[in-house]
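Have a look at the structure below before the remarks.
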Amino acid sequence: MKPDTGAHGPSASEQLTLHRRDFLRLLALSSLGLALPREAIATLRQAGWHGSGRGPADLERNAGQWKTWLVAAPRDLLPPSPSPGNSPGTRAEIQELLQLQSQRSDGVRALVQFWDAQGGLPVWSQLLLSKIQQTSTNPILAVRALALFHTAIADAVICAWHAKFAYHRRQPTTFERRLTTLVEVDQRLPSYPAEHAAVAGAAAIVLGYLYPGGTVQVHGQTMTYANAADEAARSRLWAGANYHSDIVAGLQIGSAVGQLAVLRGQTDGSNAVWDPILQPGRPFGPQYWVPTPPAFAFPPLLPLAGTWRPWLLTAGSQFREAAPPALQNPFPSSRLLQEAHEVKQTVDNLSLEQLAIAQFWADGAGTVTRPATGHRSLPSMWRRQTSARRARRARWRW
């Protein structure tokens, strides 16, 4: 089901898969909470997202028909049909869930809650923002990263929803009364594939492209992107919310969409190099930009960014205005001098509050940038019964 994108995927050790041997190892792994110390459990609870994971209004039956950005059509990533409800395969998966249920602890419950809300989206978004800050990614590249990252997640969830209502696989608890879930589960919602796994698969692949070879801090633990994705996906097994095969299919969908995002990033023109000797496209004259003290920064910050492939426009110049009157001949015009005086008067008379506002929105390297600052205001909206699917869309459309 995974298309040949031509993109450079992760190494074999980083592939996002969840085999039976991984499940058996999961039963013995204390790092997943079977015997976590009290301090680690407290860290999980403190770091976790406390919003509602899924409410009654969140079913979104038509989400699989929403417009995608990277995938030509959700049916292109439709996974194989899951095992029927009365099949030996499904019965074996239910036994696995019952075995995990018997191993639950306070650490397991904290881990499940940490990843539960909105398909894990708040956690993954914060991981990206942290990488932007830690690596001092400049604002232009940070905005590009946010777009690639969240379009991939949005498409992965749309593809997962398309598959859910293509197969209508019933939740595990509807087949086995002994099963209980650690999270709220809408039993009207098909379980296959798991959206948490789809989100995790896409997020891990795109993070690996944007920040290759890196790690992330997840509830105080240093993890590779693939390990974080596996933990997010496995949390649904501990929760009793998804079958093993739901997780596998979700990771495969997410990984495939992530690879499409990587291919898009590799072909968006952002790898073009500006020649600082010939300086193509730079206008010269007293009215145009020149390096200024104290830094005399040169070359300018990503001068070719305006030529990159946009998401919504036909070209970066589509809505470009004519040159402002202040820059037209004769130079310097009286209007330019008037505007320059206004700027100087404003800067020279800033209050402390105005200075703080200016610094907050300055968008220096390593800041989360204006779009990301806007992202941080979205959680309050999510709590107002916004569905998990619409939360993914909001992340992109912001």
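Only the coordinates and a few stated rules stand behind these numbers; no lab work does. All figures in this text were calculated on a predicted structure; none of them were measured in a lab. Virtual Cβ from ideal backbone geometry, glycine too; neighbours counted across all protein chains shown.
Points to keep in mind about this one:
- Low-density loop cleavage sites - trypsin sites (Lys or Arg not before Pro) in the range 129-235, where at most 12 other Cβ are within 10 Å (DSSP): R177, R178, R188
- Among the chymotrypsin sites (Phe, Trp or Tyr not before Pro) in the range 69-158, none is located in a DSSP loop while being surrounded by at most 14 other Cβ atoms within 10 Å of its own Cβ.
- Cβ-based exposure ranking for I94, I205, in which fewest neighbours within 10 Å come first: I94, I205
- Were the residues from E321 through H168 laid out at 0.36 nm apart, the gain over their Cα-Cα distance would be 50.0 nm.
- Exposure proxy for T292, T137, T180: other Cβ atoms within 10 Å of each Cβ, ordered fewest to most, give T292, T180, T137.
- Within the shell of other residues whose beta carbon sits under 15 angstrom from the beta carbon of S270, the net charge comes to +2, with Lys and Arg scored +1 and Asp and Glu -1.
- Ordering of 238-250, 95-107 by burial proxy (mean other Cβ atoms within 10 Å per residue, highest first): 238-250, 95-107
- As a rough footprinting exposure proxy, the listed residues T151, T135 were ranked by other beta carbons within 10 Å of their own, and the order from fewest upward is T135, T151.
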